[in-house]
1. Within segment 263-308, take every residue that is hydroxyl-bearing (Ser, Thr, Tyr) and assigned to a helix (DSSP H, G or I) and give me the one that is nearest to the chain's Cα centre (by Cα).
2. Within segment 395-412, can one find any residue that is in a loop (DSSP other than H, G, I, E, B), surrounded by fewer than 17 Cβ atoms within 10 Å (Cβ to Cβ) and charged (D, E, K, R)?
3. Exactly one condition in (1) in a loop (DSSP other than H, G, I, E, B); (2) in contact with an Asp or Glu (Cβ under 6 Å, 6 or more places away or on another chain) is not met by GLN191; state its number.
4. Among the numbered criteria (1) in a strand (DSSP E or B); (2) touching a helix residue (DSSP H, G or I) at 6+ places or on another chain (Cβ under 7 Å), which one does LEU599 miss?
5. Would you please list the contacts, defined by Cβ atoms under 9 Å and residues six or more apart or on different chains, that run from a residue in segment 212-240 that is within 30 Å of TYR77 (Cα to Cα) to a residue that is part of a helix (DSSP H, G or I) and of a type in the set (D, E, K, R)?
6. Of all residues in segment 421-453, which are farther than 19 Å from ASP482 by Cβ and either modelled with pLDDT under 95 or basic (Lys, Arg) (or both)?
7. Out of the residues in segment 231-270 that are surrounded by fewer than 20 Cβ atoms within 10 Å (Cβ to Cβ) and among the hydrophobic types (A, V, I, L, M, F, W, C), state the one that is modelled with the lowest pLDDT.
8. For the condition of a type in the set (Asp, Glu) and part of a helix (DSSP H, G or I), what is the one hit in ASP242, ASP253?
Amino acid sequence: MILQDFYDGKSFDAYEFFGAHRENGKMIFRTYAPNAEYIDVIGSFNGWNGGRMIQEGRSGVFTFVSDTARFGDLYKYRIKYSDGNAVDHCDPYGFGMELRPASASVITDLSSYNWHDGEWMKKRTRNFNSPLSIYEVHLGSWRTNPDNENGWYTYSEIADRLIDYVKENGFTHIEFMPLSEHPADESWGYQNTGFYSPTSRYGTAAELMELVDKCHQAGIGVIIDFVPVHFAVDGYGLNYYDGSDLYNLPNNDVGNSEWGTLNFNHSRREVACFLQSCANYWLKEYHFDGIRMDAISRAIYWKGDPNRGVNENAVKFIAAMNTGLHALHPQAMLIAEDSTSFIKVTASAEYGGLGFDYKWDMGWMNDTLDYFRVPPQYRPDHYYELIFSMDYFFSEHFILPFSHDEVVHGKATISQKMWGDYDKKFPQVRALYMYMFAHPGKKLNFMGNEIAQFREWDEKREQDWDMLKYPLHDSFHRYFTDLNRIYSSYEALYKDELNDMNFRWIESYARDKSVYIFETGLGKKKIISAFNFSDNDYSEYIFNVQGKRKITELISSDYDYYSGSSRRGENEPAVYYDGDGDYSRVTVHLPPFTGVMYLSEE
């Protein structure tokens, strides 16, 4: 790292300088604390007796060289403030930490793991024209370990069974909720103290590298959740690090977040380097294929509120960080969780955008789930809520998310949200998921969605896998897997999504019937998706498609082996071609609460 780049906010490799590193046979500790009176390094290698760090001039950079410190040793920085207090802090750039509630940093060797994913790294893309179906996972509660008092498997122990499951279910990528160190299990990793430290709950840095490596060798991409907006208030972390508001905004009105955390001061160049170097660290050192950035709305607007105005410094930082990350990792995905209507989130900074590759479509998610809560007799009044998503779809690169946030805190799981009693929910949730996979946009589902879990997610309990012994859940699981495989098998469902010629409404005015039909694809093979979201049975529903087409049913949510009432093939569409070949008239059967996909070929 060039130190002047750090002061100028340009460094993306600050972690290679700060922290604890072995250089020329000795361990060198460096930290940035410009307002500290003095700093001692205390650790297991010196009996927790202070070794005084040296500051060069007024650089703010404190250094200590140890002949005895080794990889695996614990350490902290004891920082003397100008007010006379001395506080022990973990290393902001530490590569490992103790298990909570302990808080020391661990000297960690990042070069000890031997990677085997060279072919994957050469061929991976940002998936603009590839299927992208993401399985969002909280690693501690996907499966629990009966031999661990906290129920955790290590990164190594869980790798093979998670990879096998993801492949069997047709997902292309895994997205891990934050794996950086955090003090409270209940925060799910979103309130960090060790931004550069893989959480010790699940093992070591090398074990996390092994997990990612195995995913790549199995053809599975891996995305990491990253929190660039706020940090935990715990006194041993970034809070009041050198006796000043070094990392956070000093104004409590905007400095305190709604989650009881502190908001980063993105206008400080040293803070910008800390965060953008951290993002680069996860991509470079752990080979992650993408970063999903949390709470970007709180970076765009002060406290996420458009009425407070745009946070220009934070917006400028996000755009600069994404530009730099794309230059360093042109094949890695940068994904924004953003619920605002701020424009050009996925446009490059060169064209005035924030530089993300994808944005979560929170509007689609909310409108869709709200629609399915409504009793069928009132759905005509909400008909155009499902039309609206395509009015703005081509403005950004979107991912359609049914994430962890939608299945906790009294919101009910995706399946529970459906109108009606237990039996009525299943045909609707099957139709909902076909709508999701047919609708343009990449896909993301939180663990448990694929088995129609009915219990809200709890980070202390594993998923209710025993639900699969019940026919409705087992058949839904089979159906979800089939949807995933169809999605990945037909280019019309994922390629050229931002070409506005790729999508065409066939039926978007059947308000009283609650029927929607649309066509996707640019090639000779297109996909027609038809939905009846009412409780009426339409035995002969007629629509027209352009050209002389062969229409074949691919999948129906009403098949009997998905616990529906139809047998495959018995409802094959009837197709009539007009004399001039201008259009094909198609007659189909649409049972209540049903979605059907058809292959349309010239």
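1. Per the criteria, the residue is SER297.
2. Looking for residues that are in a loop (DSSP other than H, G, I, E, B), surrounded by fewer than 17 Cβ atoms within 10 Å (Cβ to Cβ) and charged (D, E, K, R), one finds at least one in segment 395-412, hence yes.
3. That leaves (2) as the condition not met.
4. Looking at each condition in turn, LEU599 falls short on (2).
5. VAL229/ARG298; HIS230/ARG298
6. ASP421, TYR422, ASP423, LYS424, LYS425
7. Within segment 231-270, the match that is modelled with the lowest pLDDT is VAL254.
8. ASP253
The values are calculated or read from the model by the stated rules, or taken from the named source; none is laboratory data. All of these numbers come straight from a predicted model, not from anything done at the bench. Quick reminder, even Gly has a Cβ in these numbers, built from the backbone with ideal geometry, and neighbours come from all protein chains shown.
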